[in-house]
Amino acid sequence: MKLKGSSIDRIKCKPVITVVIACVLSACGSTAIKIDEIFPPPLIEPFALHMGVHFSPELSDYVHEEEVEQNGTWKIALGAAQRSMFNQILSGMFQQITAVPALENFAEINAALDAVIIPEIQDFQFSVPSQTRTTYYEIWIKYQMNLYTPTGELIAQWPLTAYGKSNTDNFGFMEKIRQPAVQQATRVALRDAAAFFALGFSQETKVKDWLARMEDG
Amino acid sequence: MNIRWLMAPTILLLLPACVSTNIEQIRQANTGIAADESVVIMGRKNRSSISETEEDFVTCVNTKLANNSKGFGVVPQKTFTDALFPWFEPRTAPLNSSELPKMLREPLIAERLKEIGVHYIVWIQGSTDRVDQAGAMSCVATVGAAGCFGFLTWENDATYEASIWDVKTGTSAGNISSEANGTSFVTGVVVPIPIIARVQSAACTSLSSQLSAFIRNEA
């Protein structure tokens, strides 16, 4: 009876051992990071505007892939989190927002809108602790924000930079650090982008002028 | 008998090494807090700073202050930053109390702070660092036997400063600094026996109890 029990235990252990080995191997080979985050609504007075927002496939499906020396390949899927961040922040910044799925027939589609915002991701960089000789994972993101009239004329174009870091010291000694640390640094960077966009939008000179014109009617 | 042998190192593990703590306080204004009001403990996370306050230290102060609050509430940092997003993010948060009145003039911010009942914002800056270490230890394992031999020692220094801002008056109420240092040892005679100086924990305990007294305006 005892022997039978032991053999059953061994059989049950096999898939577990396989998964453990696979996990260890994957940590050495490549790390895939997916960012799931619910961003808080901004605490600001919304502009009395109907804003359109267009997310290009480059932004929606953005994946950063990089091979870091002695750290394997990193794959950071940022697309969905970026969309979620921009949707949440724009919903709080404007009285109404409408998704503009395509840019063809720009004027026809956007007739009811006051303007259309098109965020573009221009650069994504990250560093791991072994590169900077610190205990931090760091993320830098550079966006270009584009504001168009409903007829497709450019109103303003400005850069939006974001930075996030996470300290490996904040994770337990036995915890698997790589994935959660990069996830946290990316979440901080996206939150930073959202915060800076929300507070800096009306400070951009050309946007400021446009807002003044819109107010004058 | 076997249990006794196992208990000996366990008891030694629980024996902490000595930690010396020093607390200093500067009061700039009278304080006081009502039972329906609360405090938020925030760790500084400036973009430019190379080091930032450890999250577990902020959590420790938060928990100990909540346990020792004698009535007032302690709002978790995440709840506070989410409720006031985007005003208290690393790049947008006020860096000193002189920026607070301008922020409080924003009706939405003032209203939200009133809603969540935050009377004091406590900013914590600092870290725990290893300042010295010496000794060596080597461990050997063979089939049927294993053991460690040697002696290790290291000194940790925890330096933290809490700045207390009064949200109602928009001014700084004062500062409390907490310094703790202690030396930890590991002696290895077959079994390694660590005697750890819980420096960060000592700094957390002294800072949180001083904070509680400061906020309640006790001597």
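To the nearest whole number, what is the average tally of beta carbon atoms from other chains within 10 Å of the beta carbons of peptide A:36-47?
3
For a distance above 19 Å, tell me the whole-number percent of Cα pairs in segment A:120-208 that qualify.
Values: 1931 of 3916 pairs.
For segment A:120-208, the share of Cα pairs beyond 19 Å comes to 49 percent.
Starting from the Kirkwood radius over alpha-carbon pairs of the protein assembly as shown, derive D by Stokes-Einstein at 4 °C in a medium of 1.567 mPa s and give it in µm² s⁻¹. Don't jump to the answer; show the numbers that get you there.
Values: Rh = 25.6 Å.
It comes out at roughly 51 µm²/s.
Report the FRET efficiency, 1/(1 + (r/R0)^6), for residue A:120 and residue A:32, where r is their Cβ-Cβ distance and R0 is 25 Å, rounded to 0.05.
On the way: r = 24 Å, r/R0 = 0.97.
Once rounded, the FRET efficiency stands at 0.55.
Taking H as built 1.01 Å from N, whose amide H comes closer than 5 Å to the amide H of residue B:42, not counting residues under 5 places away?
When sequence neighbours closer than 5 places are left aside, the close amide H contacts are B:122, B:123, B:124.
What are the principal axis extents of the Cα atoms in segment B:118-219, in Å, biggest first?
That gives 69, 23, 23 Å along the principal axes, largest extent first.
So which of B:78/B:114; A:165/B:45; A:206/B:102; A:208/B:78; A:142/A:165 end up more than 21 Å apart by C-alpha? Please report the intermediate quantities before stating the final value.
On the way: B:78/B:114 17 Å; A:165/B:45 9 Å; A:206/B:102 25 Å; A:208/B:78 32 Å; A:142/A:165 15 Å.
From B:78/B:114; A:165/B:45; A:206/B:102; A:208/B:78; A:142/A:165, over 21 Å: A:206/B:102; A:208/B:78.
I need the phi-derived Karplus couplings for segment A:191-205: 6.51 cos²θ - 1.76 cosθ + 1.60, θ = phi - 60°, integer Hz, Gly and Pro marked x.
The phi angles translate into 5, 5, 4, 4, 5, 5, 5, 4, 8, x, 3, 6, 8, 5, 3 Hz.
List the GluC sites (Glu not before Pro) within segment B:117-219 that DSSP assigns to loop and that have no more than 11 neighbouring Cβ atoms inside 10 Å.
Working: sites: B:155, B:161, B:179, B:218; in loops: B:218.
Answer by residue number: B:218.
If I model a spin label at residue A:48 and residue B:20 as a point 7 Å from the Cα along the Cα→Cβ vector, what separation in nanometres do I get?
My value for the distance between the label points is 6.7 nm.
If I take every Cα pair under 8 Å that is 6 or more residues apart in segment B:2-215, average their sequence separation and divide by the length, what percent do I get for the relative contact order?
This gives 30 percent for segment B:2-215.
Please list, in order along segment A:152-160, the HN-Hα scalar couplings obtained from phi with the Karplus expression 6.51 cos²θ - 1.76 cosθ + 1.60 (θ = phi - 60°), rounded to whole Hz, x for Gly and Pro.
Couplings: x, 8, 6, 8, 7, 9, 8, x, 10 Hz.
Can you give me the long-range amide H partners of residue A:30? Hydrogens built in the peptide plane at 1.01 Å from N, cutoff under 5 Å, separation of 5 or more residues or another chain.
A:73
From the backbone phi of segment B:121-137, what are the Karplus-calculated ³J(HN,Hα) couplings (6.51 cos²θ - 1.76 cosθ + 1.60, θ = phi - 60°) in whole Hz, Gly and Pro given as x?
Taking θ as phi minus 60°, the curve returns 10, 10, 9, 10, 10, x, 6, 10, 10, 7, 9, 7, 7, 7, x, 8, 8 Hz for segment B:121-137.
Under a 5 Å amide H to amide H cut-off, with H placed in plane at 1.01 Å, what residues pair with residue A:156 once short-range neighbours are removed?
When sequence neighbours closer than 5 places are left aside, the close amide H contacts are A:147.
Largest first and to the nearest Å, give the Cα extent of chain B along each principal axis.
Sorted from largest, the Cα extents of chain B read 71, 36, 30 Å.
Assuming 0.890 mPa s and 25 °C, estimate D for segment B:18-141 with Stokes-Einstein, Rh taken as the Kirkwood radius over Cα pairs, in µm²/s.
On the way: Rh = 17.1 Å.
The diffusion coefficient I find is 144 µm²/s.
Report, ordered by chain and residue number, the aspartates and glutamates lying within cross-link reach of residue B:70, taken as a straight Cα distance under 17 Å and ignoring same-chain residues fewer than 8 apart.
Of all the aspartates and glutamates, those that pass the test against residue B:70 - Cα under 17 Å, at least 8 places apart if same chain - are B:36, B:37, B:218.
Give the Rg/Rh ratio for segment A:31-216, taking Rg as the radius of gyration of the Cα atoms and Rh as the Kirkwood radius, to two decimals.
Numbers: Rg = 18.1 Å, Rh = 17.6 Å.
My calculation of the ratio gives 1.03.
Values in this text are rule-based calculations from the coordinates and carry no lab data. Note that the coordinates shown come from a computational prediction; the quantities given were computed from them, not determined experimentally. Glycine also receives a Cβ, built like all others from the backbone with ideal geometry; neighbour counts cover every protein chain displayed.
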